[in-house]
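Worksheet: the structure to be examined is printed underneath.
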Amino acid sequence: MGFNQKERKYIAILTEVETRNKIKERNINNSGIFVLHEAYHIKNDPLFGKNSAVFLFSADLNFPNKNEIYCQFKNGSFSKTKTELAAPLFVGENKCQWGVFRGECEINESNNYVKLSGNSESFVEIPLKKPEMAVNLAVCYGHSFMLDEWQNLVVAIELYHKFGASIQQLYWRSGGLEIYNLLKTYEKRGFIKLDLFPPIINEELYNMLGYDVQLEIPTRNYVASINDCLLKYRNAKYVLVIDADELYIPRLASNIYEELNYYMLMNPNANSFLFDRYDASSIFRRNPLKFDLKEALLSITISKKKRTLGKSVIIPKRVKGTHQHFPSYTQKNTEVISISKKLNYIIHNSNNELINDNDKIIFNNKEDNTIKHWLSKNRLEEINNSFKKITQISKSFKKLNSDNVYRQKIMKCKKDIMERLWKRNDVCIENYNYCDFKESKESSCIVASSKFMYHNLNNGLVIFKKLNMNIILSENSCTY
């Protein structure tokens, strides 16, 4: 009996996985290769010290056991860098060959770069960024929802802006051209900051490793982006780590910042506040010209189904890193505070139905499981009016996609192939690089891209660093 197309695809992937496993065993001595993401100069910090270079990089999980990075010290000598995972490995991430690490070392106060070395003889200069100025509340988004799910992005950006987010940080990996242009409009208005976050694609790196590192990085390098955001907004009073389909609406105060201050007053030793998440559904008009934010918000119905894991608001100066659900490496004598559902929780608005222009929406009038529990009519009108201004000034809004083509393909690939693969012990978790979206030509896609330069630092250390990040029109459609 012959195999169907889905089964043939699965078998082909297994063959690829087995081949890559053999290559990894053969090239085990290449664990000294690492890819630098970003580096910061952190000053007067209770956890990082008076003057520290703190940098994020991706590398083999065995990297800290087999390698030592040296950093130029105050007097010109080199000291060993402290290296640790940016966040402890979560469920299934130990099946991936690579992870995200954080390095830190002491430097001069005036330094705007750091010298990294394998033995102090051969080194490379790495420019250091300064964290952003202090703000009350920074919102850090994961780099999903940009392929074609613009409706959730609009809802989240408008809500968080209305409820006091000082800045919302997004990372662009790949997505629709019109969505990118929409986000740039929001950036010009000061609602968000949009940074490029390219996948790690480089021919020299591939040749050194013998395999595509993208297939060995968990969750599409999500941990790297949110930890970059945490370092970038190290001076913020609070940082909310969230996805675009997750809504935190204040119930005890007029904005999120004031509500968090209340929790802080009640829990002065908190390093973070952990909120439960409850699944929700909503209805969106598929035609962007007919999309109505007020209508979309009123359509939200919140279920009684609580997600296994919640989401956190972090107090940056009391933690070093974060996973997508909770902080890591917390300050001594501080604690994670779980917020009771009776006070507030996160709405996980992940089940969205797209309807046509003439379809009628029947709103749920039960206040306890709708958005009415949070938002007054006046608030809804204010949010909707802000959104209408964006539609008027954004030339690309009317060109937004009317169907979530990529989401459908991702969900199909997940069901057909990925859920089976993730059960194996040799397949990296939450990695969609096996999915094929090349046939998805319904909309123009742009991808964050970067050239890489590598330097041999001796003792087996090889550093790859990004150069000249830009966006390019994809020839093979979007990637997730």
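The values are calculated or read from the model by the stated rules, or taken from the named source; none is laboratory data. Predicted model only: the values in this text are computed from it and were never measured. Cβ placement follows ideal geometry from the backbone for every residue including glycine, while neighbour counts extend to all protein chains displayed.
Of all residues in the stretch 25-60, exactly one satisfies the criterion of being modelled with pLDDT under 95 and of a type in the set (A, V, I, L, M, F, W, C), namely I28. Only one entry in D148, D60 is acidic (D, E) and within 30 Å of N385 (Cα to Cα), namely D148.
Return the residues of the stretch 1-31 that are of a type outside the set (K, R), more than 30 Å from I69 (Cβ to Cβ) and assigned to a helix (DSSP H, G or I); say none if nothing qualifies. Explain how you work it out, then say what you get.
Quick first cut of the stretch 1-31, residues of a type outside the set (K, R) only: 1-5, 7, 10-19, 21, 23, 25, 27-31.
Then drop every residue that is not more than 30 Å from I69 (Cβ to Cβ), which leaves 1-5, 7, 10-19.
Q5, E7, Y10, I11, A12, I13, L14, T15, E16, V17, E18, T19 - these are the residues of the stretch 1-31 that are of a type outside the set (K, R), more than 30 Å from I69 (Cβ to Cβ) and assigned to a helix (DSSP H, G or I).
Being in contact with a helix residue (DSSP H, G or I) (Cβ under 7 Å, 6 or more places away or on another chain) and of a type outside the set (A, V, I, L, M, F, W, C) is the filter here, so list the residues in the stretch 310-339 that pass it. The answer is P316, G321, T322, H323, Q324, T330, Q331, T334. Of all residues in the stretch 151-179, those that are touching a residue at least 24 places away in the same chain (Cβ under 8 Å) and assigned to a helix (DSSP H, G or I) have Cβ atoms under 8 Å from Cβ atoms of residues that are of a type in the set (K, R) and surrounded by fewer than 22 Cβ atoms within 10 Å (Cβ to Cβ), 6 or more apart or on another chain, in K162/R379; E178/K399. Report yes if some residue within the stretch 181-190 is free of Cβ contacts under 8 Å to residues at least 40 places away in the same chain, farther than 19 Å from S386 by Cβ and touching a Lys or Arg at 6+ places or on another chain (Cβ under 9 Å); otherwise report no. No: the stretch 181-190 contains no residue that is free of Cβ contacts under 8 Å to residues at least 40 places away in the same chain, farther than 19 Å from S386 by Cβ and touching a Lys or Arg at 6+ places or on another chain (Cβ under 9 Å).
Of all the residues in the stretch 142-178, those that are over 24 Å from E381 (Cα atoms) and either buried (at least 20 other Cβ atoms within 10 Å of the Cβ) or under 17 Å from the mean Cα position of the chain (by Cα) (or both) number 16.
Examine the stretch 213-224 for a residue that is part of a loop (DSSP other than H, G, I, E, B) and under 22 Å from S386 (Cβ atoms), and state whether such a residue exists. Full working, then the answer.
Start the filter on the stretch 213-224 by keeping residues that are part of a loop (DSSP other than H, G, I, E, B), which leaves 217.
Applying the additional criterion that residues be under 22 Å from S386 (Cβ atoms) yields none.
No, the stretch 213-224 has no match at all.
What are the pairs with Cβ atoms under 7 angstrom where one residue, in the stretch 409-429, is without any contact (Cβ under 8 Å) to a residue 40 or more places away in the chain and the other, located anywhere, is surrounded by 16 or more Cβ atoms within 10 Å (Cβ to Cβ) and of a type in the set (G, A, S)? Sequence gap at least six, or different chains. Within 7 Å, the pairs are K409/S440. Given the condition farther than 18 Å from Y211 by Cβ, touching an Asp or Glu at 6+ places or on another chain (Cβ under 8 Å) and at pLDDT 95 or above, answer yes or no: does some residue in the stretch 88-102 qualify? The answer is yes; a qualifying residue exists.
Name the residue, out of I217, I179, I157, I192, that is of a type outside the set (G, A, S), at pLDDT below 95 and in contact with a helix residue (DSSP H, G or I) (Cβ under 8 Å, 6 or more places away or on another chain).
Working: I217 fails: in contact with a helix residue (DSSP H, G or I) (Cβ under 8 Å, 6 or more places away or on another chain); I157 fails: at pLDDT below 95; I192 fails: at pLDDT below 95.
That would be I179, the only listed residue that is of a type outside the set (G, A, S), at pLDDT below 95 and in contact with a helix residue (DSSP H, G or I) (Cβ under 8 Å, 6 or more places away or on another chain).
If the condition is being in contact with a strand residue (DSSP E or B) (Cβ under 8 Å, 6 or more places away or on another chain) and part of a loop (DSSP other than H, G, I, E, B), then the stretch 225-237 contributes Y233, R234, A236, K237.
Note on the stretch 298-316: among residues that are within 24 Å of the chain's Cα centre (by Cα) and aliphatic (A, V, I, L, M), the one that is farthest from I339 (Cα to Cα) is I315. For the stretch 87-113, filtered to residues that are of a type in the set (G, A, S) and under 28 Å from Q324 (Cβ atoms), the residue that is surrounded by the fewest Cβ atoms within 10 Å (Cβ to Cβ) is G92.
Scanning the stretch 103-113 for residues that are assigned to a loop (DSSP other than H, G, I, E, B) and without any contact (Cβ under 8 Å) to a residue 24 or more places away in the chain yields a count of 1.
Inspection of the stretch 372-383 identifies no residue that is crowded, with 16+ Cβ neighbours inside 10 Å, part of a loop (DSSP other than H, G, I, E, B) and modelled with pLDDT of 95 or more.
From I355, I339, which residue is surrounded by 14 or more Cβ atoms within 10 Å (Cβ to Cβ), in contact (Cβ under 8 Å) with a residue 24 or more places away in the chain and closer than 17 Å to Y238 by Cα? Reasoning before the result, please.
Numbers: I355 fails: closer than 17 Å to Y238 by Cα.
Only one candidate qualifies: I339.
Restricting V139, V100 to those that are within 22 Å of E216 (Cα to Cα), under 20 Å from the mean Cα position of the chain (by Cα) and not in a loop (DSSP other than H, G, I, E, B) reduces the list to V100. For the stretch 185-201, the count of residues that are closer than 30 Å to L47 by Cβ, surrounded by 21 or more Cβ atoms within 10 Å (Cβ to Cβ), over 13 Å from the mean Cα position of the chain (by Cα) and among the basic types (K, R) is zero.
Considering L47, L116, the condition of being assigned to a strand (DSSP E or B), surrounded by 17 or more Cβ atoms within 10 Å (Cβ to Cβ), touching a residue at least 60 places away in the same chain (Cβ under 8 Å) and among the aliphatic types (A, V, I, L, M) is satisfied by L116 alone. Of the set (1) part of a loop (DSSP other than H, G, I, E, B); (2) in contact (Cβ under 8 Å) with a residue 12 or more places away in the chain, all apply to N349 but (1).
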